[in-house]
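Heads up: the structure comes next, in structure tokens.
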Amino acid sequence: WNACYWKNGNRVDMARRSSYGTCIGSEAFGIFIDGSDIYLAGYNMIVNKNGVAVKWRNGNTHELSGDSALVEWHHLWDIAVEEGIKISVGYYTPDISNEYNYDLGLPSFPIYYVNGKRYQLEDTEYQWGEATGVYIY
């Protein structure tokens, strides 16, 4: 499985590489076109680690969650770009036991990235949420 998009009926695969280990798969969910640049938002699945939040620009991989993939799962749903500002949204799930109410399932926290820096939309008391879309006005 590999993140991709179709242009004029032709499949365009995104680079499936990671600086955090062997990437065994990737998925993209959001796409945004800014001039001649094509951005996708999604994640890479790394062997023996969690999902790494990724944005692709013209097929090139840009990992956002990085080292936190050792303890958190990151997933991006959407991306938007305006005047050089890149915003992507999604969620992260901590991979930490005995800290949350697992009767409700694994906790999930909504996040967004602005030019690669992560911001959390809810505090650790909130147990489940995702940011699923972004629009820059």
In Å, descending, principal axis extents of the Cα set of the range 1-94: 37, 27, 18
Once you list every other residue whose beta carbon is under 14 Å from the beta carbon of Ile24, what net charge do they have if Lys and Arg are +1 and Asp and Glu are -1? +2
If each of Glu83 and Asp13 carries a label point 7 Å out from its Cα toward its Cβ, how far apart are those two points in nm? 3.9 nm
What's the percent breakdown of Cα-Cα distances in the range 1-54 across 10 Å bins, shortest bin first? 24, 51, 21, 3
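Using Cβ counts within 10 Å as a stand-in for footprinting exposure, how do Leu106, Leu64 rank, fewest first?
Ascending Cβ contact count within 10 Å gives the list Leu106, Leu64.
Every number in this text was worked out from the coordinates using simple rules, so none of it is lab data. Every value quoted in this text rests on a predicted model; they were computed, and no experiment measured them. Note that each Cβ is placed from the backbone with ideal geometry, even for glycine, and that neighbours are counted across all protein chains shown.
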